[in-house]
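Participant: I'd like to ask some things about the structure below.
None of the figures in this text is laboratory data; all of them are computed from the coordinates on show. Computed from a predicted structure; not experimentally measured. As a convention, Cβ positions derive from the backbone with ideal geometry for all residues, glycine included, and neighbour counts pool all protein chains shown.
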Amino acid sequence: MNHIEAIIQINIIPEKQHQINSLTVIGGKDKSGNPENAGITLKPGEIVCIVGPTGSGKSRLLADIECMAQKDTPTGRQILINGLVPEAKKRFSMDQKIVAQLSQNMNFVVDLTVKEFITMHAECRMISKKDETVNNIIYTANELIGEKFSDDISITQLSGGQTRSLMIADTALLSSSPVVLIDEIENAGVNRRKALELLVNKEKIVLISTHDPLLALMGDRRIVIKNGAMSSIIETSQQERKNLMYMEYLDCKMMELRDMLRNGERIDTEINWCSG
Ligand SMILES: Nc1ncnc2c1ncn2[C@@H]1O[C@H](COP(=O)(O)OP(=O)(O)OP(=O)(O)O)[C@@H](O)[C@H]1O
Ligand SMILES: [Mg+2]
């Protein structure tokens, strides 16, 4: 989502018009034209990750959901909301959109401070506790990222990770969109677990495409994409959740090494993480 989309997606629709109970993806066809034999129905409060090799079609699946495809995209997929074909105005009208997307590349070109930008969004949403919400969004965004930023810097000066964390906090705390699509959170240095907890607490349906094993296992389920099609849907097992804890420990250790190198230190002592 670039700044223009970010501004356009600002909406003033009352919350209840946006409530949905389910989102269904009906399979279309893969890149070779063979039928896609899998489909999935998602409920609010659920996180589903999308995994698969580069170029397999993860972003395409998110794009199909974003535009609520009706067998009219290259995949031939169909999206249902509450089991029904969504009304055309929900697909095409900007102020009726139920999907918020945080895309792989996000850049701002408007010259506003962080506070001005979020305040503008809050004003458009006509919320009652505007100042409190704006401060909370900026505070929460800073909780998601290592390199803190103040509310008086220009949004054009934010790093990729800072931009992403601000948009996640904004989407969770201010956006009424019940469906959130995130295309790759991992390279941005955002605290992944905190970001997911924040979104899930708001009872949103969250879909995340990812190459990151930690993120892939943080979801309730993961969709495996092969050759442009959903090839299987895997529920995260108990053992995988246990393994995830160890993987998070290793990740934490890697972060320590990263910070040491960043600070100009050497890594001269022998590394032994097995005891963790
Ligand atoms: N079922 C399909 N039929 C036709 N084209 C498809 C299908 N699925 C994906 N594509 C096309 O394949 C290309 C690569 O897909 P996409 O960008 O979604 O990959 P990706 O998995 O997100 O890759 P990356 O991990 O590098 O971000 C795109 O041009 C996309 O439109
Ligand atoms: Mg992609």
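Participant: Given the -39500 (n - 2.57) contribution per DSSP H run of 4+ residues, what per-residue ellipticity at 222 nm results for the chain, rounded to the nearest 500 deg cm²/dmol?
Facilitator: -11000 deg cm²/dmol
Participant: Can you give the translational diffusion coefficient of the chain in µm²/s, computed by Stokes-Einstein from the Kirkwood radius over Cα pairs at 37 °C and 0.692 mPa s?
Facilitator: This corresponds to a translational diffusion coefficient of 165 µm²/s.
Participant: Measuring from a point 7 Å past the Cα of M254 along Cα-to-C-beta, which residues in the stretch 209-233 have an amide N at less than 12 Å?
Facilitator: 211-216
Participant: Give a residue-ordered list of calculated ³J(HN,Hα) values for the stretch 142-155 (Karplus: 6.51 cos²θ - 1.76 cosθ + 1.60, θ = phi - 60°; whole Hz; x for Gly, Pro).
Facilitator: For the stretch 142-155, the Karplus-derived couplings read 5, 5, 8, 9, x, 8, 6, 9, 9, 7, 9, 8, 5, 5 Hz, x marking Gly and Pro.
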